[in-house]
Amino acid sequence: MTGIIFGSSMGNTEEAANLIASNLGIDNVLNVADTDAKTINSFDKLIIGSSTWGSGDLQDDWDSFDFDSLDVSGKTVALFGLGDSSSYGDTYCDAMGIIYDKLTQKGANIIGQVSTDGYSFDESRSVKDGKFVGLALDADNESDQTEERIKKWTESIKSQIL
């Protein structure tokens, strides 16, 4: 069973989570503010999303989350993140990179890497080996591309995440 867990302060990440869920036919969409590690650990596969705040920080609910209690060893996990590529182009989607680091240290199998082609930003902790570690979205400056990027990404991960 696959769960989508998101952290959202302004609603954009929640909106993206729901669109991803709709594309994949997933009913389990949870706000990290309203859940705990035990619930997250109950899923076989995960899609995890966060917005980036300030100078590359995790969204508040993820920032206070107890990552030490997560058991993701060997689990398939896809990541998505939201950022502002114009105003914060030097920390674009850094939260996704922070979560990636935390989950890979715990043995998660991260899928769904995305090419940086077509994105405008300066730097990002979420870029490893020339690709984003998951789906990067910008609801502030590139909202016209959100639906198409989600559609393309969900198609690419469907066979591994469902």
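The values are calculated or read from the model by the stated rules, or taken from the named source; none is laboratory data. Since the model is a prediction, treat every value here as computed from it, not as a measurement. Glycine gets a Cβ as well: all are built from the backbone with ideal geometry, and neighbour counts include every protein chain shown. We work out accessible area using only protein heavy atoms, side chains counted, and drop any ligands, DNA or RNA first. Shrake-Rupley method; radii C 1.70, N 1.55, O 1.52, S 1.80 Å.
Being on the phi < 0 side of the Ramachandran plot, assigned to a helix (DSSP H, G or I) and of a type in the set (S, T, N, Q) is a property that SER156 has. Can you name every residue in segment 110-130 that is under 14 Å from the mean Cα position of the chain (by Cα) and of a type outside the set (Ser, Thr, Tyr)? The answer is ILE110, ILE111, GLY112, GLN113, VAL114, ARG125, VAL127.
Quick one: which helices (runs of 4 or more DSSP H) sit completely within segment 1-107 and have at least 1 residues that are farther than 24 Å from VAL127 by Cβ and in contact with an Asp or Glu (Cβ under 6 Å, 6 or more places away or on another chain)? Full working, then the answer.
Values: elements: 12-24, 37-41, 60-63, 94-105.
Hits in segment 1-107: 37-41.
Pairing residues of segment 67-84 that are closer than 13 Å to ILE98 by Cα and without any contact (Cβ under 8 Å) to a residue 24 or more places away in the chain with residues that are surrounded by fewer than 18 Cβ atoms within 10 Å (Cβ to Cβ) and not acidic (Asp, Glu), at Cβ distances under 7 Å and at least 6 apart in sequence or on separate chains, gives no pairs at all.
Test LYS102 against the stated conditions and say whether it is more than 20 Å from ASN141 (Cα to Cα), in contact (Cβ under 8 Å) with a residue 60 or more places away in the chain and touching a helix residue (DSSP H, G or I) at 6+ places or on another chain (Cβ under 6 Å). No. As for segment 142-162, it holds at least one residue that is among the aliphatic types (A, V, I, L, M) and surrounded by fewer than 18 Cβ atoms within 10 Å (Cβ to Cβ).
Cβ-Cβ contacts under 7 Å between residues 6 or more apart (or on different chains), taken from a first residue in segment 115-126 that is without any contact (Cβ under 8 Å) to a residue 24 or more places away in the chain to a second residue that is surrounded by 10 or more Cβ atoms within 10 Å (Cβ to Cβ) and of a type in the set (Phe, Trp, Tyr), are listed as THR116/PHE132.
Would you tally the residues in segment 11-38 being farther than 16 Å from THR146 by Cα and touching a residue at least 12 places away in the same chain (Cβ under 8 Å)?
Our first condition is that a residue be farther than 16 Å from THR146 by Cα; within segment 11-38, this holds for 25-38.
Cutting the leftovers down to touching a residue at least 12 places away in the same chain (Cβ under 8 Å) gives us 25-26, 28-33, 35-38.
Qualifying residue count, segment 11-38: 12.
Residues of segment 1-58 that are open to solvent by less than 30 Å² (accessible area, probe 1.4 Å) and either of a type in the set (Val, Ile, Thr) or touching a Cys at 6+ places or on another chain (Cβ under 6 Å) (or both): THR2, ILE4, ILE5, THR13, ILE20, ILE26, VAL32, THR35, ILE40, ILE47, ILE48, THR52.
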